Amino acid sequence: MPKRIFSGVQPTANLHLGNYLGAIRNWVGLQHEYESFFCVVNLHAITAPQDPRELAARTRDVARIYLAAGVDPQVSTIFVQSDVHEHAELEWLLNGVTRLSELERMTQFKDKAKKQRENVLAGLLMYPVLMAADILLYQTDLVPVGHDQKQHIELTRDIAVRFNRDYGETFRLPEPFIPKVGAKIMSLDDPSKKMSKSDENPAGRIALLDDADTIRRKFKRAVTDSGTEIRFDESRPAITNLLSIYQLLTGKTAAEVEANFEGKGYAQLKSELTDATIEFMRPFQERFHSIGDEELTRILSDGRDRAREIARPIVREVMKRMGIAGA
Ligand code: TYM
């Protein structure tokens with residue numbers, strides 16, 4: 001069997017540079033080495049309240065973002081999670097080998113539950129089981145994600161191991177692919193927090209659809225550290241974060257980046273970083289806007305068909321092994 005990768009992004013508002021640099025960017029390189037499945041995980045989005053019309057529009061926009069970033073539909077399978085019913089089916093089946101205590105331990109659940117307060121949705125707790133289903137459904141080898149998804153992939157492996165033990169060898173065990181640089185892009189206004197879609201204050205993130213003026217303004221206001229030297233240094237998280245973004249967008253090595261900024265001040269760093277970001281964004285956004293509705297519909301329906309072909313026999317096999325297959 002060819003080696004496979006699977007990954008996805010939730011179609012919640014405000015996709016940002018962290019989502020691109022931590023995840024999507026790596027898919028583009030990996031798609032030529034692996035059989036690749038990139039999913040818009042809209043079922044995950046309803047683990048928090050959503051406006052239905054906006055969710056539907058954003059689901060298509062996230063697929064556009066994949067394409068604009070360079071995911072090639074000739075090479076990779078791009079599809080919407082809810083179009084392949086097997087994701088929800090396998091989730092239910094995996095609930096039969098997942099423990100409540102495992103779900104309650106997930107740090108993202110705990111963090112997000114705090115935000116939803118007394119109205120925590122049941123789906124929020126089950127979220128990692130659906131993610132395990134996404135991954136296991138395609139016998140995935142590698143899952144390219146940012147650092148915040150590591151714990152969910154570990155749980156996916158635990159679920160797969162338990163299923164294989166109890167019902168016979170069925171699932172491949174996936175590994176996370178977490179980049180050395182960019183796996184955790186931090187907020188521009190508080191470098192102790194990660195750059196986040198759900199942060200109420202937009203100043204902390206560069207959204208993938210921000211215009212040039214907004215990008216300029218956000219970098220200008222970005223927090224810096226004390227001191228003046230511009231180099232990677234864990235004890236100076238704000239500057240290190242800006243340098244990491246610069247490094248990834250320009251494709252330079254860390255040493256080249258430091259050499260470039262030697263003897264320069266923070267204003268110069270911000271100005272060059274702004275230019276590099278706008279240089280990336282301009283063609284990216286042009287591609288985003290140039291993808292027509294019909295073309296997108298065709299890509300997503302091709303993707304759905306390819307994904308289902310692989311997903312359907314796996315769910316059938318799981319049901320058979322669990323003793324709940326039909327006649
Ligand atoms: P989501 O939609 O929150 O984020 C999408 C991807 O972006 C990465 N990411 C970041 N990377 C670097 N710096 C940041 N500040 C940053 N913020 C987010 C995330 O790690 C992720 O890779 N549960 C997933 C979606 C999902 C999934 C899956 C992923 C559902 N099923 C199966 C992989 C495989 C999520 O909510 O990602």
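The values are calculated or read from the model by the stated rules, or taken from the named source; none is laboratory data. Values in this document were obtained by computation on a predicted structure and should not be read as measured data. We place every Cβ from the backbone using ideal geometry, glycine too, and count neighbours over all the protein chains shown. For the accessible areas, the whole protein counts, side chains as well, though only heavy atoms, and no ligand, DNA or RNA atoms are used. Shrake-Rupley method; radii C 1.70, N 1.55, O 1.52, S 1.80 Å.
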Go through the residues of region 50-69 one by one and say whether even a single one is surrounded by fewer than 23 Cβ atoms within 10 Å (Cβ to Cβ), polar (S, T, N, Q) and over 29 Å from Thr214 (Cα atoms). no
Quick one: which of Ala113, Ala133, Ala160 is at pLDDT below 95, of a type in the set (Gly, Ala, Ser) and in a helix (DSSP H, G or I)? Ala113
Looking at region 80-130 only, could you name the residues that are hydroxyl-bearing (Ser, Thr, Tyr) and within 14 Å of the ligand (Cβ to nearest atom)? Ser82, Thr107, Tyr127
Would you confirm whether any residue within region 308-320 is closer than 29 Å to Ala57 by Cβ, open to solvent by 70 Å² or more (accessible area, probe 1.4 Å) and either acidic (Asp, Glu) or at pLDDT below 95 (or both)? yes
Top-ranked residue in region 131-179 [being closer than 10 Å to Phe6 by Cα and among the acidic types (Asp, Glu); ranked as farthest from the ligand (Cβ to nearest atom)]: Asp141
Residue check: is Leu43 within 12 Å of the ligand (Cβ to nearest atom) and farther than 21 Å from Ile310 by Cβ? no
Cβ-Cβ under 6 Å pairs, at least 6 apart or on other chains, region 116-134 side over 18 Å from Ala160 (Cα atoms), far side open to solvent by less than 30 Å² (accessible area, probe 1.4 Å): Val120/Ala113; Leu121/Thr47; Gly123/Thr47; Leu124/Thr47; Leu125/Leu103
Within region 192-208, can you find the residues that are over 13 Å from Thr277 (Cβ atoms) and away from the ligand (no atom under 11 Å from the Cβ)? Ser192, Glu200, Asn201, Pro202, Ala203
Checked Arg316, Arg306, Arg321 against criteria (touching a strand residue (DSSP E or B) at 6+ places or on another chain (Cβ under 6 Å) and more than 30 Å from Ala207 (Cβ to Cβ)); the one match is Arg306
Only one of Glu229, Glu256, Glu200 is closer than 26 Å to Val9 by Cα and free of Cβ contacts under 8 Å to residues at least 12 places away in the same chain, namely Glu200
Can you find even one residue in region 168-191 that is assigned to a helix (DSSP H, G or I) and either over 30 Å from Pro237 (Cβ atoms) or at pLDDT 95 or above (or both)? no
Among residues of region 211-260, those that are open to solvent by 60 Å² or more (accessible area, probe 1.4 Å), assigned to a helix (DSSP H, G or I) and among the small types (Gly, Ala, Ser), counted: 2
